[in-house]
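*Asks:* Dumping the structure here so I can ask a few things about it.
The values are calculated or read from the model by the stated rules, or taken from the named source; none is laboratory data. Everything quoted here is computed from the prediction, not taken from an experiment. Positions of Cβ are backbone-derived with ideal geometry, glycine not excepted, and every protein chain shown enters the neighbour counts.
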Amino acid sequence: MDASRRQAARWGVAFVAPQTLLFLLFFLAPVAIAFALAFMDVRPNRMTFVGLRNFQRVLNDPLFGKALVNTGIFTGVVVFFWLAKALLIAYLLDPMNRTLQTFFKSAFYLPAVTSSIIISLVWAWIYHPTFGLLNAFTSMFGAKPVAWLGNTDTALPALMAMQVIMGGGSSIVLLSAALARIPRDLYEVAVIDGAKRPTIFMRVIMPLIRPTLLYLVVTGTVNTFQVFESVYVMTQGGPQFSTTTVVYRIYQEAFQRFNLGLASAQAIVLFLLTFVMAAIQFRFLGQNVEY
């Protein structure tokens, strides 16, 4: 029996080893290297230890502060609205039969498996000031053409609108699964007690899907805080840094200015910020949540 267990353990190690090696090589090793570079002044021919100087430069960089504000606004607005949209759609799909639910969930999930670069290119065409679909639509009501991505007042809201409209597909699927697990008897009891639909939604449905909502809020915040592709394709951080985000700022320092030490310090600051936000969300949203 012991020999069979040892053989099973060896087979387990053999199957786990490739994935573990890939994880070490392409995730942990780059993280460790980035952490080390954050304390270095990296030049083409040498590296010099500078301690916390890179972090001081990050905290004193007004453009990084601007990028942090832009990213915070982007994350707060996008996460709130796409989660509200996903919850509303999942709630409307819940009474439908299985065939209709499958059709609509597949339709809403489709953008999630589409390249974000392609989606950004399509929306850049929609927002085009001369022949874009959005200006063509608004002109039907007498509005003048707007440079949606070329105006400091509309560039960031335009990116947020695109993200809200195209995002939330996976959230709809998860929330639909959470709603399907709620016993129908609870709805019937609430109706017998005279509860209206808003009361049923807030007092019955919301507490029971709270674990799923917590997961979506945390993962959505972390993912949205790392927005890069749409900014890179559609605005390049402009106009006048109005759409510069933290990850795009890291990209500029690392791959345009080749300042790897400062970029690594910015990446560590980004990690700490997302970790703190996730901890706060677990603290306030994870109360009385049973997994």
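*Asks:* Being farther than 18 Å from Leu260 by Cα, of a type outside the set (Lys, Arg) and surrounded by 10 or more Cβ atoms within 10 Å (Cβ to Cβ): is that true of Gln7 here?
*Replies:* Taking the combined requirement at face value, the residue satisfies it.
*Asks:* On the basis of being surrounded by 13 or more Cβ atoms within 10 Å (Cβ to Cβ) and closer than 30 Å to Leu37 by Cα, does Phe108 make the cut? Walk me through it before giving the result.
*Replies:* Values: surrounded by 13 or more Cβ atoms within 10 Å (Cβ to Cβ): yes; closer than 30 Å to Leu37 by Cα: no.
Judged against the criteria, Phe108 is not a match.
*Asks:* Return the pairs, sorted by first residue and then second, in which the second residue is among the hydroxyl-bearing types (Ser, Thr, Tyr) and in a helix (DSSP H, G or I), the first residue lies in the stretch 100-113 and is over 13 Å from Leu175 (Cα atoms) and in contact (Cβ under 8 Å) with a residue 12 or more places away in the chain, the beta carbons are less than 8 Å apart, and the residues are 6+ apart or on different chains.
*Replies:* Hits for this filter: Ala112/Ser170.
*Asks:* Then there is this: Within the stretch 48-58, take every residue that is in contact (Cβ under 8 Å) with a residue 40 or more places away in the chain and farther than 9 Å from Ser264 by Cα and give me the one that is farthest from the chain's Cα centre (by Cα).
*Replies:* Val50
*Asks:* OK, next. Considering only the stretch 173-204, state which residues are over 17 Å from Arg98 (Cβ atoms), among the small types (Gly, Ala, Ser) and assigned to a helix (DSSP H, G or I).
*Replies:* Within the stretch 173-204, just Ala190 meets the criteria.
*Asks:* Let me ask something else. Please find, among Ile89, Ile73, the residue that is at pLDDT 95 or above, surrounded by 13 or more Cβ atoms within 10 Å (Cβ to Cβ) and either closer than 22 Å to Pro157 by Cβ or in contact with a helix residue (DSSP H, G or I) (Cβ under 9 Å, 6 or more places away or on another chain) (or both).
*Replies:* Ile73
*Asks:* Could you check how many residues of the stretch 76-86 are surrounded by fewer than 17 Cβ atoms within 10 Å (Cβ to Cβ) and within 11 Å of the chain's Cα centre (by Cα)?
*Replies:* 1
*Asks:* Failed condition for Ala67, given (1) part of a helix (DSSP H, G or I); (2) out of contact with any Lys or Arg (no Cβ under 7 Å at 6 or more places or on another chain); (3) among the aliphatic types (A, V, I, L, M), with all others met?
*Replies:* (2)
*Asks:* Which fully enclosed helices (runs of 4 or more DSSP H) of the stretch 76-155 have 3 or more residues being within 20 Å of Gly220 (Cβ to Cβ)?
*Replies:* Fully inside the stretch 76-155 and qualifying: 98-109, 116-126.
*Asks:* What are the pairs, 6+ residues apart or on separate chains, where a residue within the stretch 179-194 that is touching a residue at least 40 places away in the same chain (Cβ under 8 Å) has its Cβ under 7 Å from a residue that is of a type outside the set (D, E, K, R) and assigned to a loop (DSSP other than H, G, I, E, B)?
*Replies:* Leu179/Ile209
*Asks:* Residues to consider are Leu208, Leu175; find the one that is out of contact with any Phe, Trp or Tyr (no Cβ under 9 Å at 6 or more places or on another chain), closer than 30 Å to Ser106 by Cβ and of a type outside the set (Lys, Arg).
*Replies:* Result of the check over Leu208, Leu175: Leu208.
*Asks:* Let me ask something else. Under the condition of being among the acidic types (Asp, Glu) and over 24 Å from Pro211 (Cα atoms), which residue from the stretch 150-195 is surrounded by the most Cβ atoms within 10 Å (Cβ to Cβ)?
*Replies:* Across the stretch 150-195, the extreme among qualifying residues is Asp153.
*Asks:* Right, something else. Kindly indicate which of Tyr232, Tyr248 is in contact with a Gly (Cβ under 8 Å, 6 or more places away or on another chain), at pLDDT 90 or above and among the hydroxyl-bearing types (Ser, Thr, Tyr).
*Replies:* Values: Tyr232 fails: in contact with a Gly (Cβ under 8 Å, 6 or more places away or on another chain).
On inspection, the qualifying residue turns out to be Tyr248.
*Asks:* While we're here: How many residues does the stretch 126-149 contain that are small (Gly, Ala, Ser) and either farther than 18 Å from Val233 by Cβ or surrounded by fewer than 14 Cβ atoms within 10 Å (Cβ to Cβ) (or both)? Lay out the reasoning, then the answer.
*Replies:* Restricting attention to the stretch 126-149, the residues satisfying the condition of being small (Gly, Ala, Ser) are 132, 136, 139, 142-143, 147.
Then keep just the ones that are either farther than 18 Å from Val233 by Cβ or surrounded by fewer than 14 Cβ atoms within 10 Å (Cβ to Cβ) (or both); that gives 136, 139, 142-143.
The total comes to 4.
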